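The values are calculated or read from the model by the stated rules, or taken from the named source; none is laboratory data. Since the model is a prediction, treat every value here as computed from it, not as a measurement. Cβ coordinates were reconstructed from backbone atoms using ideal geometry, including for glycine residues, and neighbour counts include every protein chain displayed. The protein model used for the area step is the full one, side chains on, heavy atoms only, and it has no ligands, DNA or RNA in it. Shrake-Rupley method; radii C 1.70, N 1.55, O 1.52, S 1.80 Å.
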Amino acid sequence: MDWTQAAIYTTTQGLDPVGGMLVSLGLGCYEIEDAEDFKDFLAHKYGNWDYIDENLLGLAACESCIKVYLPQNAQGAEQLSQIREGLARLRGMEESPAWGRLEVQLQNVSEEDWSTSWKKYYHPIQVSDRLTICPSWEEYEKKSPDEIVLRMDPGMAFGTGTHDTTLLCLRALQAALTPEKSVLDVGTGSGILAIGAALLGAGEVYGCDIDENSVRIAGENAALNGVGERITFRQGDLARDVDGQYDVVTANIVADIILRLIDDIPRVMKPGGTFIASGIIEEREDEILQKLAASGFSVLDCRRSGGWSAIVSTR
């Protein structure tokens with residue numbers, strides 16, 4: 001499948017409102033290019049660098065923009081229409097002059113070109129004493145007979161397993177799981193948490209995502225790990241289309257979406273079940289904790305790494 005890169009041009013001040021608009025549309029995975037960030041990096045870089053690539057230096061004078069990738073199908077066309085409507089709303093706000101031109105430019109991107117460009121940075125990573133994530137194209141020899149190897153090829157879906165949020169979630173999931181517990185993964189992306197749950201011994205596993213391409217990729221990764229028949233993946237907005245209740249519910253998304261999701265968790269989680277929420281920057285941890293407490297949840301654990309938090313709670 002080919003993709004459309006939608007580059008939305010704004011200012012440093014406009015990055016938050018534009019990013020918030022994208023998150024509200026379910027497009028929480030995007031790239032940011034910002035001159036102020038790069039200038040700050042140059043001012044505070046450690047040591048003396050003999051050479052900085054000219055392409056990187058060009059970022060010091062770039063126009064701030066957010067890039068999001070849309071599938072070239074009916075869903076992508078609808079998302080692009082929603083982005084344009086969202087930008088029109090932002091232009092009508094009182095603060096909009098400080099947010100720049102708020103225009104979107106499109107460019108075709110081949111999935112093959114995109115996928116091969118980052119593979120050289122993706123290598124096996126040990127999640128815990130039991131679980132290791134390995135790219136599907138790399139050879140890996142188990143360190144012990146009991147080691148579980150989760151093989152991934154995320155394609156254009158979110159979730160390689162190298163990010164702090166995913167590692168925090170997987171470790172919390174391993175601690176929460178006992179044999180045959182059921183698991184719901186909301187915003188499954190590449191399927192990494194759902195697949196990890198199945199490999200760690202979960203019984204019924206269900207993963208949902210608003211993006212149909214993520215659902216396809218998650219299914220392919222589940223088959224790659226031999227657990228395709230044990231996991232159900234469906235397209236849906238958060239947990240609204242989910243039936244039944246689960247022992248463990250995971251959501252590795254972003255703080256704004258988790259705040260929306262919390263009210264729906266009691267409907268899909270068994271009494272006394274475990275809710276693992278990640279993708280939360282530490283600055284917004286208290287906001288999530290307050291919402292959980294107000295909704296009747298008790299916090300069991302709060303894990304942090306690299307400026308991110310994962311909160312484990314029950315109700």
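Some points to look at:
- Of all residues in the range 4-52, those satisfying the criterion of being at pLDDT 50 or above, in a loop (DSSP other than H, G, I, E, B) and over 23 Å from Val109 (Cα atoms) are Thr11, Thr12, Gln13, Gly14.
- In the range 258-309, the residues that are of a type in the set (Gly, Ala, Ser), more than 21 Å from the chain's Cα centre (by Cα) and not in a strand (DSSP E or B): Ala293, Ala294, Ser295, Gly296
- Residue list for the range 265-291, restricted to those being under 23 Å from Tyr206 (Cα atoms), surrounded by 14 or more Cβ atoms within 10 Å (Cβ to Cβ) and of a type outside the set (S, T, N, Q): Ile265, Pro266, Val268, Met269, Lys270, Gly273, Phe275, Ile276, Ala277, Gly279, Ile280
- Total residues in the range 188-209, condition open to solvent by 30 Å² or more (accessible area, probe 1.4 Å) and under 16 Å from Val268 (Cβ atoms): 2
- Single unsatisfied condition, Ala175 versus (1) surrounded by fewer than 20 Cβ atoms within 10 Å (Cβ to Cβ); (2) part of a strand (DSSP E or B); (3) of a type in the set (A, V, I, L, M, F, W, C): (2)
- Met1 being open to solvent by 70 Å² or more (accessible area, probe 1.4 Å), out of contact with any Phe, Trp or Tyr (no Cβ under 6 Å at 6 or more places or on another chain), of a type outside the set (Lys, Arg) and at pLDDT 75 or above: no
- Some residue of the range 71-93 being over 25 Å from Ile281 (Cα atoms), at pLDDT 90 or above and either in contact with a helix residue (DSSP H, G or I) (Cβ under 6 Å, 6 or more places away or on another chain) or not in a helix (DSSP H, G or I) (or both): yes
- Residues that are among the aromatic types (Phe, Trp, Tyr), within 20 Å of the chain's Cα centre (by Cα), closer than 15 Å to Phe275 by Cα and open to solvent by 10 Å² or more (accessible area, probe 1.4 Å) do not occur anywhere in the range 228-235.
- Hey, Ala239 open to solvent by less than 10 Å² (accessible area, probe 1.4 Å) and under 20 Å from Thr132 (Cα atoms) or not: no
- Subset of the range 210-227 [over 19 Å from Ser136 (Cα atoms) and open to solvent by 30 Å² or more (accessible area, probe 1.4 Å)]: Ile210, Glu212
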